[in-house]
Each structure stands twice: as C-alpha cells, then as structure tokens.
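Here the structure is laid out as structure tokens; the discussion comes afterwards.
None of the figures in this text is laboratory data; all of them are computed from the coordinates on show. Because the structure is predicted, anything quoted here is derived from the model rather than measured. Positions of Cβ are generated from backbone atoms using ideal geometry, with glycine treated the same way; all protein chains shown enter the neighbour counts.
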Amino acid sequence: MKAHARGGRDDRIRNFRTGFRSRFADGAPPPAVPTQQFSLRVESMRISNTRSMHEDTDYVTVTLSVCGGVLQTQTRALGNVNNGTHPIGLTFNNVAVGVGQTAVLTYAIVNNGQNTQSEVITALEDAGTALAQKGAVVALAAMADPSVAQTWGP
C-alpha cells in the first residue's frame, strides 16, 4: 500500500470520520466570533376589552433562539385579569449575539380558562418552540438571501 503525504487522501477520510479539524497553525481553534450582550424583555400587555364578562385567564410564553441554536422558553400564568395594563416581566439576560448572527424572540399570549394550567402551559411551550424554530429558519434564510426578508415583509 502506498503511503500518502500529510494532507493526502487518508487525512481527508480521517477528518471526515472524526468531524471538524482546525486548519489553523498548531491545531488552534478558529477565532471566536465577536459578540455583544443583550437583555430581551417582554415587559407588559394591555387589555382593551376582555373576552369574558369580567376577567380573562391569561398565559404568556416567550421563546428565544440565537442563530437557530438552543431554544430558551419562559412561560407564566398571569391569572385572572381585567382591562388595563398588566406586568409580564419575562426577561432573557446576557444574551450573546455574534456579529452576523440573528436572535429570534417570539411570544404568545392566550386566554384559556377551560383547561388546566399545566395543559395550557405545555401547549404554549410547544407552540412557542415551533414558532421560534420557523422564525429562525426564515431569519437564517434572509441572512443568506435578503430577498427572503422581502417575501415575509418588513
């Protein structure tokens, strides 16, 4: 069997099987992407007219994904609320977003007094995850092709 020089076919196969291999001197990892830290918060909601006669039983879920990565979800039962402005106060602190990366924040507020709290929260978290995943796909596609953003509107 003929030996191959460093960087030959055998190295390429080994690299394919073992995953990424640094191409920088001395095996150093690629440079880190510069990031900025952000805090993202859903502060409050305003009800103009409740759907119920007097008070709605409201819930909120907020989901965050940075560059299509791991999803973070926060959900809260707001309880029985009437017309007016009500605090939500769900916050993602110290969110690192790199240059050229996209953060997708989705939220949903629902009125549901028919189901148990655990049923509503589970359904909301599932919906928030699905919505954030779709939003991340669109955001990443728009980064690669700006005409995609025009399809979805401003």
Original post:
For all pairs of alpha-carbon atoms in region 49-98, what percent lies in each bin of width 5 Å, listed from the first bin to the last filled one?
Top reply: 4, 17, 22, 17, 13, 11, 8, 6, 2, 0
Subject >> In Hz, Karplus ³J(HN,Hα) per residue of region 35-42 (6.51, -1.76, 1.60; θ = phi - 60°; x = Gly, Pro) >> reply: 10, 10, 9, 10, 10, 10, 9, 9
Subject >> Distance histogram in 10 Å bins (all Cα pairs of region 35-152, percent per bin) >> reply: 13, 37, 30, 16, 3
**OP:** Take the Cβ-Cβ distance between H54 and T129 as r, set R0 to 25 Å, and report the resulting FRET efficiency rounded to the nearest 0.05.
**Re:** 0.15
**OP:** Report the one residue of A132, T75, P87 whose Cα lies farthest in the direction of the positive end of the charge dipole of region 53-154 (charges on C-beta: Lys and Arg +1, Asp and Glu -1; origin at the Cα centre).
**Re:** A132
**OP:** Taking H placed 1.01 Å from N in the peptide plane, check which residues at least 5 places from I88 or on another chain put their amide H under 5 Å from its amide H.
**Re:** S44, M45
**OP:** Measure off 7 Å from each Cα along the Cα-to-Cβ vector at N83 and S118, then give the distance between these two points in nanometres to one decimal.
**Re:** 3.7
**OP:** Mind sorting F38, F92 by how few other Cβ atoms lie within 10 Å of their own Cβ, fewest first?
**Re:** F38, F92
